[in-house]
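Structure, as structure tokens:
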Amino acid sequence: CPTPADLRPVNGTRVCAQLYADNSAYYDQCCAGDVLVVEPDSDVPYMPYKWSARTSSLVVGTRCELQVWSRRGKKGNTRKFNA
């Protein structure tokens, strides 16, 4: 997986988090498959199509926090992730 400080695309803009579709028990094979990029100050009450219950691993960038809910529309239990 990339380190939190590595979450910068080629053009240099900041990325707050990356969610990955594939995971593995072997660390060198984690953070694989499709990637969903979360930009700074994003407010997304619904997961994009095909991403609901699909995220298996994530990396949160430095100086960022990712808050998720167990139900759509920002309902249910919540959890916060940071670097």
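Observations
- Residue by residue, the stretch 31-41 carries 3J(HN,Hα) couplings of 6, 10, x, 4, 10, 10, 8, 10, 7, x, 6 Hz when phi is fed to the Karplus relation 6.51 cos²θ - 1.76 cosθ + 1.60 (θ = phi - 60°); x denotes Gly or Pro.
- Under a 5 Å amide H cut-off, with hydrogens placed 1.01 Å from N, Ser57 pairs with Tyr20 among residues at least 5 apart or on other chains.
- With a Förster radius of 25 Å applied to the C-beta separation of Thr55 and Asn11, the computed FRET efficiency comes to 0.55.
- The stretch 17-82: relative contact order as a whole-number percent, Cα under 8 Å and 6+ apart: 32 percent
- (i) 20, 17, 12; (ii) 18, 16, 12; (iii) 32, 18, 9, with the label sought being that of the calculated semi-axes √(5λ) of the Cα gyration tensor in Å: (i)
- Less than 5 angstrom separates the built amide H of Cys31 from those of Ser24, all sequence-distant by 5 or more or on a different chain.
- Calculated FRET efficiency for the pair Cys30/Arg63, C-beta based, R₀ 22 Å, to 0.05: 0.45
- Per residue, the accessible area of the chain comes to 74 Å², computed with a 1.4 Å probe over protein heavy atoms only.
- Heavy-atom accessible surface of the chain: percent carbon and sulfur, 1.4 Å: 47 percent
- Karplus 3J(HN,Hα) series, Hz, for the stretch 70-83 with 6.51 cos²θ - 1.76 cosθ + 1.60 (x for Gly, Pro): 7, 10, 5, x, 6, 10, x, 6, 10, 8, 10, 10, 9, 4
The values are calculated or read from the model by the stated rules, or taken from the named source; none is laboratory data. These figures come from a predicted structure and were not determined experimentally. Neighbour counts are summed over all protein chains in view; Cβ atoms, including those assigned to glycine, are modelled from backbone coordinates with ideal geometry. Please note that ligands, DNA and RNA were not included when accessible areas were found on the heavy atoms of the full protein model with its side chains. Shrake-Rupley method; radii C 1.70, N 1.55, O 1.52, S 1.80 Å.
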